[in-house]
1. Enumerate the lysines that LYS153 could reach by cross-link, defined here as Cα to Cα under 25 Å, with residues fewer than 8 away along the same chain left out.
2. So if I restrict to the alpha-carbon atoms in segment 74-189, what is the Rg, and what is Dmax, the biggest pairwise distance, in Å?
3. Give, as a single signed number, the net charge of other residues whose beta carbon lies under 13 Å from the beta carbon of CYS118, with Lys and Arg counted +1 and Asp and Glu -1.
4. Order TYR3, TYR63, most accessible first, counting only protein heavy atoms with a 1.4 angstrom probe.
5. Can you give me the Kirkwood hydrodynamic radius for segment 1-151, using every pair of distinct Cα atoms, in Å to one decimal?
6. In 10 Å bins starting at zero, report the fraction of Cα pairs in segment 1-86 per bin as a rounded %.
7. What is the antiparallel percent of DSSP beta bridges lying wholly in the chain, to the nearest 5?
8. Taking the dipole about the Cα centre of the chain, with the C-beta of Lys and Arg at +1 and of Asp and Glu at -1, give me whichever of ALA138, SER57, MET85 is farthest to the positive side.
Amino acid sequence: LPYNTDYKISVPNSINKIKVEAEAEAGIDVEIDGGAEHTLTEGNNSITVKAVQTGNSANAFEYKIHVQKAKALASNDAFLSSLEMDSKWAGVHKDWKTPPAQFDKHTDTYTCMMDAHCDEFFIKAVPNEEHAVMTVKANDADPVPLASGENKKFAPLKDGTNTFVITVTAEDASTVKTYKVNAEKREGS
């Protein structure tokens, strides 16, 4: 995404190098600090990619790629410890028509029905293991990061079923668990 300047990925401990390839529009030069290939160390690794207008170095856009290389004995816990959902209309909470089931880390799918007026859906999750990484894919959009304890807003909503897929990647960067939320919004009042 051209205006997303911050990317976070996790890789298993067995990955020692990463190669960054960037493609720019005509009239833009790409500079990758340290070159295309980067040797990874355990923990956080940061790579900077710059998009610079040809002939005008003052006009530049910077992207950061944060690569988390898992520790040798990293946790494989990809469960959530909590999941909360809320629906709102113009920023005001609206009661569920049919509430989602109470959260259980072993339940992967939740179904709920919101008020037809609702134009915002909120997801708040906390992973079981603090170093796990979470993303949410809303309907057919690209996945977005979900920070632990963040009350993430999704809008606009479509009439019918809005699907939210929460992906939890464990600290080991290879164990993945998904939770699916089907939030129905029927047309009408």
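1. Candidates past the 8-residue exclusion: LYS8, LYS64, LYS88, LYS94, LYS97, LYS105, LYS124, LYS137, LYS177, LYS180, LYS185.
2. Calculated on Cα positions, Rg and Dmax stand at 14.1, 50 Å.
3. Once positives and negatives cancel, what remains is -1.
4. TYR3, TYR63
5. 18.7
6. 15, 37, 26, 16, 6, 0
7. Counting DSSP beta bridges with both partners in the chain, the antiparallel share is about 80 percent.
8. Projecting each Cα onto the dipole axis, the largest value belongs to MET85.
The values are calculated or read from the model by the stated rules, or taken from the named source; none is laboratory data. These numbers come from a predicted model, not from an experiment. Neighbour counts are summed over all protein chains in view; Cβ atoms, including those assigned to glycine, are modelled from backbone coordinates with ideal geometry. Side chains are part of the model used for accessible areas, which takes the heavy atoms of the whole protein and leaves out ligands, DNA and RNA. Shrake-Rupley method; radii C 1.70, N 1.55, O 1.52, S 1.80 Å.
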